[in-house]
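What follows is a short report on a single structure.
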Amino acid sequence: MEPVLQVDSLSKRFGSIVALERVSFALEAGTILGLIGPNGSGKTTLLNTLNGLYRPDSGEIRYLGRPTRNLRPHQLALLGISRTFQNARVFHTLTVTQNMLVPLVHARVHSAEAQERARQLLTFVGLERYQALPASELSGGQQKLLEFARALMTEPRLVLMDEPFGGVHPEIKALLLERIREAQQERQVSFIIVSHEIPDLLSLARTIICMSYGRIIARGSPQEVSEHPDVIAAYLGHAGGQAQIQTSPSSPVSSSSYFEQAGGHPS
Amino acid sequence: MLTTVSLSLLVQALVNGLLLGLVYTLISLGLSLTLGIMGVVNVAHSTLIMLGSYLALELLQRLGLDPIISAVIAVPVFFLIGVLLERLLISRVARTSQTTGLLVLFGVLVVIEGAAILRWTTDTQVLSVSYTNTSLTLDGIAIAVPRLIAAAIALVLVLLLDTFLRSTLYGKAIRAMSQNLDAARISGIDTDRLSLLVFGLATATAGVGGVTLAMIFPFDPQDHYRWLAWAFLVVVIGGLGSIRNTLLAGLLIGLIETLSSVLFPFQYVYFIVYLLLVVALLVRGQGLAGSQSRAL
């Protein structure tokens, strides 16, 4: 079966800094790839290059067999590559529903269908009761949920997520983990997830890639990568000794419990 | 220095100030939109206003068209001029850095002003139509008809633009783009296409603004700097990209100008308005950038 994404020898420099060096990997449909690595290892640059915000200096990206080099970010989004950011970038003065609808401004989707899709996705992430609120009134964690739901509006085949679990309430994190799994299993969406929350990432991803200084230094199952000496060295600054990468995942919760505990209001 | 004035004169100044303020809102809107949404400081904005005035003059002299009709014609004509400017210049150069953009647009200002002087000379022109010197009198308050019509045109355009930005999906996408460009792009919004639309709309407001100003004031190819200062003042006070705040600021400047002209000798009026610009920039701290947090 043709991979959703095929990356070959991708390189990107910023002046003298090598952000990506000959990065290659493939992603099968309906799978989750975890991307780990110390700060500055090139993870976010890789996401920015995959969704067209940066142009690679060399190498090739193929999405569903099609080269993406000359496609702009909005074209990639409409073709099915969505993205979330480390700090949720919602449109603050627009309502929650309006945030969901604007990605379809150029898509040939009937207004009623778009509204229905937005309603379903907001229900999916537990934000249906906040539809008419300005996005600025949501908590940080809820903004991450909104950004995730917005990323699904264009019915993507691939979602790139940058630190989705960082700094969010544990119950929102659990809900997000659960919804990512559902989107993967029921909608066959593929994910590339960058995270420093390694236990959570290991609970989701079948394959992990570890980057350091713009290069892939290890890839394989969570177990293989977490025990890889180069990975341990990259995180600890030296090889050998006991592996310090915690691998026990947090447990999921139901979608409604956080909001019920929060009294039904954004915190 | 302060002169004694009657109540009716004050009310007259208030009414005139509000009408003038609507026109000032219109001539400032484009500047606010391009700066707030695209980050482009369009210093050539006032020359587009000036071209709007000359469009009205040419249509009146050649075809006998009323400025009201010229205002309608100005919308597509200046929208097209804006689209061409954006595609040929702004999208290529101006967004690389604000300084480069500023220099390029200053060049556009010089070229348009020079071409206007060649075409129309530096003679002062007046739009003279059947209702130019007529006024309506209400409880002793005289309202000049051209000023009333100009204000009505401005109000209609301001309301239309506000409705477009608030009620249509394209308008909401433009607001999204003004808040976070990268997030808009990766969401599926073609920000290049919307920039084209924004610059076209901004230029259309400048063109119609020029028609409305020509209904009120004499004009020549070189007096547009005054309108540039006025527009910047409205933007600094009203914030970037927000039509409602721009409207409030426009009305305030209109009122300050007309009330100053009643309360102080004429020569102080410009001094007061320019002083206000300096004070507003100082109070804002970060100048124009300080206004960005209130965008759309």
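None of the figures in this text is laboratory data; all of them are computed from the coordinates on show. It should be emphasised that the depicted structure is a prediction, and the values quoted were computed from it without experimental measurement. Don't worry about glycine lacking a Cβ; one is built from the backbone with ideal geometry, like all the others, and counts go over all protein chains shown.
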What share of all Cα pairs of the protein assembly as shown, in percent, falls into each consecutive 10 Å distance bin? 3, 16, 22, 20, 15, 11, 7, 3, 1, 0
A:Asp8 to A:Arg108: extension gain in nm, 0.36 nm per residue of separation minus the Cα-Cα distance? 32.8 nm
For the protein assembly as shown, with +1 on Lys and Arg beta carbons and -1 on Asp and Glu, the positive-most of B:Val43, A:Ala218, A:Ala174 along the dipole: A:Ala218
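Using the reciprocal of the averaged 1/r over all distinct C-alpha pairs, how large is the Kirkwood radius of the stretch B:140-296 in Å?
17.4
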R0 of 51 Å, Cβ-Cβ distance B:Leu14-A:Gln75: FRET efficiency to nearest 0.05: 0.45
Let me know the whole percent of all Cα-Cα pairs from the stretch B:18-160 that are separated by more than 23 Å. 44
Below 22 Å, Cα to Cα, which lysines can A:Lys43 reach? Residues fewer than 8 away in the same chain don't count. A:Lys12, A:Lys144, A:Lys173
Taking B:Ser70, B:Ser97 and counting other C-beta atoms within 10 Å, the order from fewest to most: B:Ser97, B:Ser70
Electrostatic dipole magnitude of the protein assembly as shown [Cβ: Lys, Arg +1; Asp, Glu -1; Cα centre; debye, to 20]: 500
Using all Cα-Cα distances in chain A, what percent lands in each 5 angstrom bin from 0 up to the longest? 1, 6, 13, 17, 18, 16, 13, 9, 5, 2, 0, 0
Where Rh is the Kirkwood radius over the Cα pairs of the stretch A:37-120, the temperature 20 °C and the viscosity 1.002 mPa s, what D in µm²/s does Stokes-Einstein return? 144
Volume of the Cα convex hull of the stretch B:7-294, divided per residue and given in Å³: 129
Give me the net charge of A:Val225's neighbourhood, meaning all other residues with Cβ under 13 Å from the Cβ of A:Val225; Lys, Arg count +1, Asp, Glu -1. -1
In this structure, the FRET efficiency calculated for B:Thr96 and A:Leu64 from their beta-carbon separation, with R0 = 41 Å, to the nearest 0.05, is 0.80
In Å, the Kirkwood hydrodynamic radius from C-alpha pairs for the stretch B:1-64 sits at 14.8
May I ask for the net charge around B:Arg166, where only other residues with Cβ less than 13 Å from the Cβ of B:Arg166 are counted and Lys, Arg are +1 while Asp, Glu are -1? +2
Test of understanding: extend the Cα→C-beta vector of B:Thr132 to 7 Å, then name every residue of the stretch B:206-223 with backbone N under 20 Å from that spot. B:209-223
Lys and Arg at +1, Asp and Glu at -1: neighbours of A:Glu60 with Cβ under 14 Å from its Cβ sum to +4
Order by neighbour count: B:Trp120, B:Trp230, fewest other Cβ atoms within 10 Å first, most last. B:Trp120, B:Trp230
Could you work out the relative contact order of chain B? I mean the mean sequence separation of Cα pairs under 8 Å and 6+ apart, divided by the number of residues, in percent. 39
Normalise the Debye intensity by I(0) for the stretch B:166-258, one equal point scatterer per Cα, no solvent, then take log10 at q = 0.10, 0.20, 0.25 Å⁻¹ and round to two decimals. -0.36, -1.07, -1.33
For a quick check: sort B:Phe266, B:Phe219 by the number of other beta carbons within 10 angstrom, fewest at the front. B:Phe266, B:Phe219
In square nanometres, what is the average projected area of the Cα convex hull of the stretch B:38-120? 5.5
Given 0.36 nm per residue, what is the gain on full extension from A:Glu182 to A:Arg206 after removing their alpha carbon distance, in nm? 7.2 nm
Taking chain B as the reference, fit the longest principal axis to its C-alpha atoms, fit the long axis of helix B:267-284 to the helix C-alpha atoms, and give the angle between the two in degrees, 0 to 90, nearest 10. 30
Give the Rg (one decimal place) followed by the Dmax (whole number) of the stretch B:107-183, computed from C-alpha coordinates and expressed in Å. 20.2, 56
On C-alpha positions alone, give me the angle between the axis of helix B:145-167 and the longest principal axis of chain B, in degrees, nearest 10. 20
Quick check: the angle from helix A:140-152's long axis to the longest principal axis of chain A, C-alpha only, nearest 10 degrees? 90
